Structure formats: structure tokens, C-alpha cells
Amino acid sequence: MSCVIFGAGKISRGFIGHLLYISGIEFTFVEKFDSLVDLINERKEYTVNILGNSDKNCVVKNVKALGFSDKDEIAKAIADADAVFNAVGGKNLGEIVPFLTAGIEEKAKKGGYLNIVTCENWKQPANILREGIAEIISEDAKEYFENNVGITEAVIMRSAIESDAELLKKDPLIVNVQNFWELPVDSSRLKGELPKIEGLKLIAEFTGFLERKFYTYNAANGTTSYLGALFGYEKIADAAHDERILKILDGVYQETAKALSLKHNFPLDEQLAFTLTSKNKLQDYTIVDFIERNARDPLRKLGPDDRLVGSARLVDSYGIKPENLCTAIAAAIYYKSEGDEFANKLGEMRREHGVDYILENVCKIDPNGTIGTLVKEKIELLKSEGYINE
């Protein structure tokens, strides 16, 4: 029993690799950066600290990694694998397509099933991989690919936090993670079966689950991050205890819960109970997570299908006024961070072209429509209260 994990970052080490290790399944990381590959192969182990539950801390041993230059070895590892996982970041999915394709071509010679599980906070990552592989796979392996290879999606709900400098000196690969153990996976796109992995939760009606997570957790994270930045906080948990933010955050939960309940026929009280898992995570002081990390790249996070605007559009489509989501969007439009090139670009757009330009060109919404008008009203409200001074 073996698996391959593309990416060796915090989620790959601190969640996927951790679950595989405690399940007794061997795995190999495939990593773009040679320095990280060398470090993994040199140390051969790393520590996973479970925040708030140190009894479950774990040293993951016998770890190995391959670099992108090890093309033949990567293909062989995939051919020998029972499953492949990837957590490389949505923007980088295209880079791993050639490696996956070569591995599938090798696997086709051996036969059997292969499942690729995407672990990305990205729109339709499984489709991106399937379409990319289909374009370049050899004719000899095409039938095998179509009939024997499943490409499906997981939802990553465990946070992985960078360790402080002192801990990193002792163990440069150490990861601090949330005390969360479930790995929900879309079972409808699997071929054959996945290995028996600790925490694996197979879900047949995955679209509803995925949207439930995204419009609950991601919308709440965006709300807390951008309002927290506006109010001068550095850490997520501190911002999530501020009464001003909590009032808006609770409103966001109400708005998204009503819309999701209507769209997917979830009982409203069940969805509202689910929001508490998100709120508890944001308020957990053992998860030392920084607003800057979560608010980074506001141009992407203000996109039409992303956490705030996408949520507002969903809510609006069911006749619910997205009052609180629009407050969060207003805060995001005025997000500032000197070290964030995208925040700086957003600021230039705002100063040179105005808010209507951002609404139309970044958020892709009508500046004078329901959401656009409401966002501008919230901007004026935040200005009148002294939180926006531009």
C-alpha cells in the first residue's frame, strides 16, 4: 500500500501525510522546490503538533521526497501507488499535469485502478486536472485513463499554521495543525476504492457539502480577516472576539445559512449549527493564525465566485439581502498591506479609478445593482464611523 503526495507544504505534511502515516500507509512527496526535497530526504522525519491537544502530537517518520527533475522516479511512484493526492495551490495545478500523465501511462501498463484526490481550495480542481491530462495523454493509455482513473476532490478543513522561529530551528519541517481529523472526499468520481485512511469520509452528494463549507467557512474567514485588518488586529482569533466584528460575522452566517438551506434543502437549524464549527475555529486561541496570511491577495478573493462576492451573489439570488456580506466586501476593497503586491495594486485601482471600477472589473458586478449599491452604502457607513479614512 503506497500513495504519492504532490506538494510538501504545510497541508501536505500536516494533514495528508499525517493521516497516511497514522494509517500505516507509505507515501512519497513530490515537490517543486529542491531545497525542501533535500531537507525532507536529509531529515527523514518531521513533527506534527496538534494545537490544543498535545497528547496527539506525532513524529512522522521514514519520509522521502522526489523533485521535479526526478521524472522517471515520479512516474514509477505513481504507477506503484494506490492513490495520488495533491496540495500544490490551485494556480499550480497545470504544472503537475505532465507528471500525472506520465505516471498514468506507466500505470496503464500494469492495470488496476488509480484515484487522484485534489486537496485544493480552488474552483473545480478535479476538472482542471482531468482536462489537462486528457489533452496530452498517449493514445495507448487513453482508454485506461477514461475507464480506470478517478479524479476527485477533497475538502481540507484542518488549518496548518507556520511555527515560530525557535521551533523551526529545532525542526524546519514542523507543522502546527488544528485538532480536526476528517477528510471529506467526493465518492461519486472514484474508480475502485481508496485505501483505508484514518479520518476519510466518503460523501456521495459532494457539491452541496463543498458549497456548504465554502460559503460558511471561507465567507466567515474573509469577513473576519478584512474587518480585522480594518480594525487594526493582527491575529484571527483576536478579531473574531471583537463585538463589532462578531455582530457582522453572525449576520454573514445567517445570510449564507438561509441561502444554502434553500438551495440544498438542508434544515436551517442544521446549517446554523454547522456555522458554529466555523465560528469556534475562528475564535480558537490555540490556532495562532495571522490576518495578513488570510487576507493576502485581495484581488483574487474579491473575485465574482470567491468567498465574499460569490457568497453575496448566492444570497442575493435567493432574495436575501446580503447586508453583512457587503460590509465585509467594503472592508476588503479598502484592505491595505505594504508587503502584499495585490493589495497595493488594489489600492492603486481604488485611488486612480474609484470603487465602481473595482466592482465592475474585479468583482464583476454591476456597480449600480443590488450588491454594488449596498457595498457602496457600507463603505460610506465605515467612513462615517472613522474606520476608512481614504
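Read-outs: derived from the displayed coordinates by stated rules, not from any lab. Nothing here was measured: the structure is a model prediction, and the numbers come from that model. Glycine gets a Cβ as well: all are built from the backbone with ideal geometry, and neighbour counts include every protein chain shown.
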What is the distance in Å between the Cα centres of the range 275-335 and the range 58-108? 33 Å
Connecting every pair of Cα atoms under 10 Å apart in the chain and solving the GNM, the largest mean-square fluctuation among 12, 69, 187 falls on 69
Note down the relative contact order for the chain as a percent, whole number, built from C-alpha pairs under 8 angstrom at least six residues apart. 12 percent
What number results when the radius of gyration of the range 2-204, computed over Cα atoms, is divided by 2.2 N^0.38 Å? 0.98
Projecting the Cα atoms of 174, 220, 111 onto the charge dipole of the chain, where Lys and Arg contribute +1 and Asp and Glu -1 at Cβ, the residue farthest towards the positive end is 220
Which of rounded, prolate, oblate describes the range 14-72, given a ≥ b ≥ c as roots of the alpha-carbon gyration tensor eigenvalues and a/c under 1.5 marking rounded, otherwise prolate only if a/b is larger than b/c? prolate
Percent RCO, i.e. relative contact order, over the range 2-204, from Cα pairs under 8 Å lying at least 6 residues apart: 23 percent
I need the calculated FRET efficiency for the pair residue 2 and residue 123, taking r as the beta carbon distance and R₀ as 41 Å, to the nearest 0.05. 0.85
Which residue, 336, 376, 109, has the most motion in a Gaussian network model of the chain that connects Cα atoms within less than 10 Å? 109
Calculate the length of the line joining the C-alpha centroid of the range 1-26 to that of the range 122-172, in whole Å. 12 Å
Quick one: order 293, 313, 13 by neighbouring beta-carbon count within 10 Å, fewest to most. 293, 313, 13
Using the structure shown, list the pairs from 345/383; 213/321; 61/196; 258/281; 44/191; 44/281 with a Cα-Cα distance above 23 Å, or answer none. 44/191; 44/281
Quick calc, the chain, dipole around Cα centre from Cβ unit charges on Lys, Arg (+) and Asp, Glu (-), nearest 20 debye, gives 440 debye
Assuming R0 = 22 Å, can you tell me the calculated FRET efficiency for the pair residue 58 and residue 286, based on Cβ-Cβ distance, to the nearest 0.05? 0.85
Per DSSP H run of at least 4 residues, take -39500 (n - 2.57); add these up for the chain, divide by its residues and hand me the 222 nm value, nearest 500 deg cm²/dmol. -15000 deg cm²/dmol
7 Å from Cα along Cα→Cβ at both residue 95 and residue 268: what's the point-to-point distance in nm? 4.6 nm
Candidates 28, 277, 101: whichever shows maximal mean-square fluctuation once the chain is modelled as a Gaussian network with Cα springs under 10 Å: 277
